[in-house]
Amino acid sequence: MSSSLPHKITMSSVWASSRTEDGVELLDRLAETGIASLELEYRVTTPMLAQMRRELKPRGLAVASVHNFFPLPPEMPREKASGDLFNLASPDKDARLTAVRHTEHTLEQAAELEAGVVVLHLGWLEGLEDKKVTREAALAGGMTPELRQHQDARRVQAPAGLDAASFALDRIVARAVQLDLKLGLENRFHSYQVPNLDEAAFLLDRFEGAPVGYWHDTGHAHNRELAGLNPASAWLDRLGGRLIGCHLHDAVGPADHQLPGRGDLDWPALTRHLLPARTKVLELRPGPAANEIAQAAAWLEDLFAQAQTEMERQEKSATHVSQ
């Protein structure tokens, strides 16, 4: 592993984007954190993006990653902004191609912004969209009869959804190659969403050699563990070799997108496992003050630096022993 791995934290615009419709004001708020690397996401509208483009480089800001679907399509009301605005796993070909076209537009915007990676939600299994069942299991601290029944129904529909997501990725990957972008497949929160752990492994194997990697969301993994779906560590144990980026946030019980260091997650252990991620993004709900975010980012950067120092020490010791 390279000794020049970046430890600088990237800041997601989600912390401030819902509180303004002005792109310059959004950049002003993000600048208060002192973090110069940004992830721009689906709450940013087309007019906001136009305002931000003129300001990024003069302010010394860089866009490291973009979260699909970006920017919010002009015909969509802002309250519908979502990474799940369109379904890349839809069994309906027209609906799926609409999702693909909007994703290709996101890729084009990312390339113009000189971002390196686009984060993807791959969609959901239609007819199973129940947000309560996973949340209630997480609140209960384990698998409930309702979630078990939901999982049984999911297994019936999952092969078709996985096929659909694969077809969608065929086209998206081809465009990513043309634009020299990487795609990050994010682990999801809810049982009905795609991919689960096995599906993520399948897709990463299918697209091995393409610019496709795993994007780890710490809160999603935590909540799925609370719900009894799989241990949070299983994602990184199985997919860590494909890791390209991560969303960093803490959780108090199932309440995630909290400031790291203020919840239940084991950050020294997590930073060791997440060290290979080239893009490390703080993805926080509104609430923490800018100075608190700056402190958390510095703390995480220090933890990542410590993890790398320890890894290099172990590598050096192993090399000495083998000689």
Exercise for the section: Scan segment 1-18 and give yes if some residue there is within 26 Å of residue 214 (Cα to Cα), over 20 Å from the mean Cα position of the chain (by Cα), free of Cβ contacts under 8 Å to residues at least 40 places away in the same chain and in a loop (DSSP other than H, G, I, E, B), otherwise no. Expected result: yes
Exercise for the section: Go through the residues of segment 298-305 one by one and say whether even a single one is within 26 Å of residue 115 (Cα to Cα), in contact with a Leu (Cβ under 7 Å, 6 or more places away or on another chain) and assigned to a loop (DSSP other than H, G, I, E, B). Expected result: no
Fill in the blank from the handout: Taking segment 207-218 and keeping only residues that are surrounded by 24 or more Cβ atoms within 10 Å (Cβ to Cβ) and either modelled with pLDDT under 95 or not in a strand (DSSP E or B) (or both), one is left with 218
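Find the residue count for segment 22-42, including only residues that are touching a strand residue (DSSP E or B) at 6+ places or on another chain (Cβ under 7 Å) and not aliphatic (A, V, I, L, M). Before you say what the answer is, go through the steps one by one.
Of segment 22-42, the ones touching a strand residue (DSSP E or B) at 6+ places or on another chain (Cβ under 7 Å) are 30, 33, 35-42.
With not aliphatic (A, V, I, L, M) added as a condition, the list becomes 33, 37, 39, 41-42.
Counting residues in segment 22-42 that are touching a strand residue (DSSP E or B) at 6+ places or on another chain (Cβ under 7 Å) and not aliphatic (A, V, I, L, M) gives 5.
Of the residues that make up segment 306-320, is at least one in contact with a helix residue (DSSP H, G or I) (Cβ under 7 Å, 6 or more places away or on another chain) and of a type in the set (A, V, I, L, M, F, W, C)?
To start, the set of residues in segment 306-320 that are in contact with a helix residue (DSSP H, G or I) (Cβ under 7 Å, 6 or more places away or on another chain) comprises 307.
Checking which are of a type in the set (A, V, I, L, M, F, W, C) leaves us with 307.
The answer is yes; a qualifying residue exists.
From the list 162, 185, 139, 169, which one is under 24 Å from residue 115 (Cα atoms), touching a helix residue (DSSP H, G or I) at 6+ places or on another chain (Cβ under 9 Å) and outside any strand (DSSP E or B)?
On the way: 162 fails: under 24 Å from residue 115 (Cα atoms); 185 fails: outside any strand (DSSP E or B); 139 fails: under 24 Å from residue 115 (Cα atoms).
Of 162, 185, 139, 169, the one residue that is under 24 Å from residue 115 (Cα atoms), touching a helix residue (DSSP H, G or I) at 6+ places or on another chain (Cβ under 9 Å) and outside any strand (DSSP E or B) is 169.
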Problem - Of all residues in segment 101-117 being assigned to a helix (DSSP H, G or I) and touching a residue at least 60 places away in the same chain (Cβ under 8 Å), the one that is surrounded by the fewest Cβ atoms within 10 Å (Cβ to Cβ) - result: 108
Exercise for the section: Go through 181, 204, 120, 125 for me and flag whichever is touching a Phe, Trp or Tyr at 6+ places or on another chain (Cβ under 7 Å), under 23 Å from residue 42 (Cβ atoms) and either polar (S, T, N, Q) or buried (at least 18 other Cβ atoms within 10 Å of the Cβ) (or both). Expected result: 125
Practice task
Determine which member of the set 39, 79 is modelled with pLDDT under 95 and either crowded, with 24+ Cβ neighbours inside 10 Å or not in a loop (DSSP other than H, G, I, E, B) (or both).
Solution key: 79
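Every residue, every condition in (1) among the hydroxyl-bearing types (Ser, Thr, Tyr); (2) in contact (Cβ under 8 Å) with a residue 24 or more places away in the chain; (3) closer than 28 Å to residue 298 by Cβ; (4) crowded, with 17+ Cβ neighbours inside 10 Å, yes or no:
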| residue | (1), (2), (3), (4) |
| --- | --- |
| 26 | no, yes, yes, yes |
| 31 | no, yes, yes, yes |
| 47 | no, yes, no, no |
| 52 | no, yes, yes, yes |
| 99 | no, yes, no, yes |
Exercise for the section: Only one of these is of a type in the set (Asp, Glu), closer than 24 Å to residue 130 by Cα and touching a residue at least 60 places away in the same chain (Cβ under 8 Å): 186, 199. Name it. Expected result: 186
Exercise for the section: Run residue 59 past the list (1) crowded, with 21+ Cβ neighbours inside 10 Å; (2) farther than 17 Å from residue 285 by Cα; (3) over 18 Å from the mean Cα position of the chain (by Cα) and report the number of the one that doesn't hold. Expected result: (1)
Problem - The one condition in (1) assigned to a strand (DSSP E or B); (2) touching a helix residue (DSSP H, G or I) at 6+ places or on another chain (Cβ under 9 Å) that residue 244 fails to fulfil - result: (2)
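Suppose we filter segment 260-284 for residues that are in a loop (DSSP other than H, G, I, E, B) and either out of contact with any strand residue (DSSP E or B) (no Cβ under 6 Å at 6 or more places or on another chain) or surrounded by fewer than 20 Cβ atoms within 10 Å (Cβ to Cβ) (or both); how many remain?
At the first step, the residues of segment 260-284 found to be in a loop (DSSP other than H, G, I, E, B) are 260-266, 275-278, 283-284.
Still in the running and either out of contact with any strand residue (DSSP E or B) (no Cβ under 6 Å at 6 or more places or on another chain) or surrounded by fewer than 20 Cβ atoms within 10 Å (Cβ to Cβ) (or both): 261-264, 266, 275-276, 278.
Summing the residues that are in a loop (DSSP other than H, G, I, E, B) and either out of contact with any strand residue (DSSP E or B) (no Cβ under 6 Å at 6 or more places or on another chain) or surrounded by fewer than 20 Cβ atoms within 10 Å (Cβ to Cβ) (or both) in segment 260-284 gives 8.
The values are calculated or read from the model by the stated rules, or taken from the named source; none is laboratory data. None of the values given here were measured: they were computed from a predicted structure. Because the Cβ atoms are built from the backbone with ideal geometry, glycine has one as well, and the counts that use them run over all protein chains shown.
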